[in-house]
1. For the chain, what is Rg from Cα atoms divided by 2.2 N^0.38 Å, rounded to two decimals?
2. Taking Cα pairs under 8 Å and at least six residues apart, what relative contact order does the chain come out at, in percent?
3. Treating only the Cβ atoms of Lys and Arg (+1) and Asp and Glu (-1) as charged, compute the dipole magnitude of the chain about its Cα centre; round to the nearest 20 debye.
4. As I understand it, the dipole of segment 36-199 uses +1 on the Cβ of Lys and Arg and -1 on the Cβ of Asp and Glu, about the Cα centre. Which of Ala83, Gly48, His61 lies farthest toward its positive end?
Amino acid sequence: MRLQFLIWPILLVILAACASLPAPSISLADLGQFRLAGVEVKGAQAFGSWPAEEEAYLAAHALDQDTINRIKTRPIREEPAMASFALARASSLFQQEMPSATESIFTGQKPVKIVVDLRRFDVPSVARRIFTDQVAILSGRVLLVDQHGVTLLDSPDLNVAIPLLGGLSSPVASAMEASSGNDPGAGLVRKFAEAYRGWLLQK
C-alpha cells in the first residue's frame, strides 16, 4: 500500500505543470488556416521500457540469448534496433491520434506537419510494477512546421501519465492489458494527443 501512495505526488506534479503551461503564440482563429498534412516522431533515446513492444520485437526476430536478456533487462535506448522498433510503433500511434485530436482545429488549406520530439516514454515492466514503479509516463514537445520546414509553433514540454495496478497483482494486470489490447503505451499517446489539443485550445 505504501508504494501506491508514491504514485500521487508524481501525478500531482504533472498535473500542476500542465495547468501552468503558457498559451500558444498563434491564436485559435489563425490555427484554423492550416491543414495537418503529416506527423513525424523523433527521439528514439526517449524510450526506457515498453513491455508490449519488447515482446513484439522478440517475437518477430530470431535473437541470441544475450540480446534477449539485454532487451528484457536494460532500457530500450541501449539497444539501437529495439529503439528503432519502438519509435516506429510510437510513430504509427501518433499518426493515428494526432490528426484525430486536432481535426476540429486544423480546418484550413495550408499544409503543416506536426513533429513530436519525445523526451521520455516509459511503461514500467512487471518487475518494476511489483516493487518500485506503478506509473507510465510520456513527455515531449510538439513543433508545428510549414511546408518549407519553418517552425510556426513550438509547444512547451507536455507531460502525461497513467497510473498502473502494481504490487502482487501486476502480472495478472499486465496479462489482462495484453489480452484486451489495452496497452498503456497506446494510452499514453492518446493522452498526449489530447493534452496537445487542450494546449492549442487555451485562450
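Since every read-out is calculated from the coordinates, none of them should be taken as a lab result. Computed from a predicted model, the values in this text were never measured in an experiment. Please note: Cβ atoms are built from the backbone with ideal geometry, for glycine as well, and neighbour counts cover all protein chains shown.
1. 1.09
2. Computed value for the chain: 28 percent relative contact order.
3. That gives a dipole near 360 debye.
4. It is Gly48.
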